[in-house]
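The structure appears below as structure tokens.
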Amino acid sequence: MARRSVPLKHYFLKDINWIIRLLITSDVVLTGAAGLLGPIFAIFVSDFIVGGNAAVAGLAASIYLLTKSLMQIPIATIIDRIKGEKDDFYVMFVFTVAIAFIPLLYLFISTPLQLYAVQFVLGLFTAATFPSYMAIFTRHIDRKHEGLEWGVYFTLTDFSSAALAAIGGFLAETAGFTVLIILVTMLSFLGSLFLWPIRKHIR
């Protein structure tokens, strides 16, 4: 009878090829960093944006998601038209690094309009990273282990996001949002650096 359980070593990214391992590691760190701020974003808006409230936070989130959703397909189409993977990699890497520093903008804004502008830029940059990341992941995933490796990806990224969400709330309460945002930026930049070695292995 076929074995159904997933070996523990897969959760530590063993027996997974180098490119997929780096991609997963990068996103585990990046989603963890986002998890630090995500659940308490509305509190940040209420405390630091003039006139900030739940409606402003909701609209800010909508601007990010709408921008990301509307721009992903046009950007993905452009990426697909360029042969090879170098364009995929550099789009993914450059915009991931750029996204890492966007949280710092929250330290300098004070109005809803400024917040909406930051959310628009964040959505645009994310729209560039998502299809390029998925394109590289899809091409290099280990054949006959597609379901397993996607499962490991979502398990580890969800776990990272959940764990750091609790820590983010504690840090915001004890150390303040400035410290939290700087930590988010540092972790995000670290996560983006895990992508750099991939350049040696792309076609």
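The values are calculated or read from the model by the stated rules, or taken from the named source; none is laboratory data. Because the structure is a prediction, the values reported are computed rather than measured. Virtual Cβ from ideal backbone geometry, glycine too; neighbours counted across all protein chains shown.
General observations
- Selection within the range 85-117 - closer than 17 Å to Ile182 by Cβ, in contact with a Leu (Cβ under 9 Å, 6 or more places away or on another chain) and among the aromatic types (Phe, Trp, Tyr): Tyr106
- Within the set Ile109, Ile136, the sole residue that is touching a helix residue (DSSP H, G or I) at 6+ places or on another chain (Cβ under 6 Å), aliphatic (A, V, I, L, M) and in a helix (DSSP H, G or I) turns out to be Ile136.
- Filter result for Phe194 (loosely packed, with under 15 Cβ neighbours inside 10 Å and modelled with pLDDT of 90 or more): no
- Of all residues in the range 132-151, those that are among the aliphatic types (A, V, I, L, M), modelled with pLDDT under 90 and within 14 Å of Leu22 (Cα to Cα) total 1.
- From the options Ile82, Ile63, residue that is surrounded by fewer than 20 Cβ atoms within 10 Å (Cβ to Cβ), more than 27 Å from Val152 (Cβ to Cβ), among the hydrophobic types (A, V, I, L, M, F, W, C) and in contact (Cβ under 8 Å) with a residue 60 or more places away in the chain: Ile63
- Flag for Phe108 being in contact with a Lys or Arg (Cβ under 8 Å, 6 or more places away or on another chain) and at pLDDT 90 or above: no
- Leading residue by the ranking (surrounded by the most Cβ atoms within 10 Å (Cβ to Cβ)) among those in the range 146-162 that are touching a residue at least 40 places away in the same chain (Cβ under 8 Å) and closer than 29 Å to Lys83 by Cβ: Glu149
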